[in-house]
Amino acid sequence: MQNVGFGSHMDNGTTSLHGVIGYNSEIENIQKTIADFGSGKKTNIAIISEPFAGRTTLLDAMEEMPNERITRITLSSIIKNKNAPAFPETLEKIVLVDNCHLLYMRKIGGFDVLEDFLRSITGPDHLFITTWNIYSWNYLDAAINIGNYFPVQIKLPPLNKGVLKELIMSRYKKDELMFVEDAISKDTKVKFIHFSRIPVTIKPLEKTIEIPFVDIHFNLLRSRLLPKKEEKITAEDIIFELISDISNGNPGIALVVWGKNLEYPVIKPSYIKKFSGTIYLDYNEAFILNIILSMESINSEELEEIAGSDHHIDNTLSKLSNQELINIKDGQYSIRPESMYSTVDFLKKARLVW
């Protein structure tokens, strides 16, 4: 599972809450809830976000909080057996649990571990601070009202262009990088709008239709149409507009896009590419893509267990990989960051996520 840090580091290499870039109001909410717990008021916390948005970074910083007794639990694979010792026998007052979407499987009988966990966190002795994939959370809230167990729900919002720029540039010294103008910087005919058609299979009718889809570089278009008076739009401005647009304010995706397009120490606007592939999947294949998006890290055997043995998982995974929608590492499948928003748009149109 890919975790992306986005903060300044202390001497020991860790990140403090004070040093986390972005999410200031969310951090204040967490700190207030911890203080309330010390005064006898317990309200468990769910930190909810898209993949790559930095949930783990927040827990890393919380783990370093001074004067707090903390147990940290990180789930790295699906917990299938409710009798498996996923948690230590003794817990400190504050319990951090990362990747709680790995406590269930979307199949009949796949909720036992999660239901046991939810029952275990209702006591007054421990404050549970948990993290969740937003697409799993939305499904679970509709299916079993999981929100009732977490009075404090913190949904990490998109970061604006200025914060994303601060995040990226905090990794470099002043004047270390070169922002170089090129055709996109000077050509007013740059392609702001991309038209495509998304195939969606209507399973009961066994029919595939194509839905028109318009993809717009909103931030870059706005910067060109509404420039500030007497202020030149530089290559650096355009680069961070593009990164903000492609990442939709997701810090992890912004860092991936930046890292893949930087030819150190030079970066140009033309280097920043938006995913332009065509997604062509039937309903069953889209369902598998949805499971990968919701679980963030899953292997083919687990996918086959969810989909059923009659589904040709290997063929589907090959198709998803060929369309550059997923990555594979150490036998685990995950969503490709650069194509995540195209994936989400496609799955929303197929009514598989909301």
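The values are calculated or read from the model by the stated rules, or taken from the named source; none is laboratory data. No experiment lies behind these values; they were computed from the predicted model shown. A quick note on method: Cβ atoms are made from the backbone with ideal geometry, for glycine too, and the neighbour counts reach across all protein chains shown. Areas reflect the complete protein model, heavy atoms only, side chains present, ligands, DNA and RNA absent. Shrake-Rupley method; radii C 1.70, N 1.55, O 1.52, S 1.80 Å.
Points to keep in mind about this one:
- Count of residues meeting criterion [open to solvent by less than 10 Å² (accessible area, probe 1.4 Å), over 15 Å from PHE287 (Cβ atoms) and among the hydroxyl-bearing types (Ser, Thr, Tyr)] in the range 319-354: 1
- Residue match in the range 267-287 (condition: at pLDDT 90 or above, assigned to a helix (DSSP H, G or I) and within 19 Å of GLY162 (Cβ to Cβ)): yes
- Filter pass, VAL95 being open to solvent by less than 50 Å² (accessible area, probe 1.4 Å) and farther than 21 Å from ALA61 by Cβ: no
- Total residues in the range 16-42 satisfying the condition of being more than 18 Å from ARG72 (Cα to Cα) and crowded, with 20+ Cβ neighbours inside 10 Å: the figure is 4.
- Residue under evaluation LYS82, criteria (1) touching a His at 6+ places or on another chain (Cβ under 6 Å); (2) open to solvent by 80 Å² or more (accessible area, probe 1.4 Å), criterion not met: (1)
- When ALA350 is tested against (1) touching a strand residue (DSSP E or B) at 6+ places or on another chain (Cβ under 7 Å); (2) modelled with pLDDT of 95 or more, just one condition goes unmet, and that condition is (2).
- Here the range 43-79 is the region considered, the condition is being over 17 Å from ASN99 (Cα atoms) and open to solvent by 50 Å² or more (accessible area, probe 1.4 Å), and the residue that is nearest to the chain's Cα centre (by Cα) is GLU64.
- The set of residues from the range 303-334 being in contact with a helix residue (DSSP H, G or I) (Cβ under 8 Å, 6 or more places away or on another chain), part of a helix (DSSP H, G or I) and in contact (Cβ under 8 Å) with a residue 40 or more places away in the chain comprises just one member, ILE306.
- Under the condition of being open to solvent by less than 40 Å² (accessible area, probe 1.4 Å), within 24 Å of the chain's Cα centre (by Cα) and hydroxyl-bearing (Ser, Thr, Tyr), the residues counted in the range 258-314 number 3.
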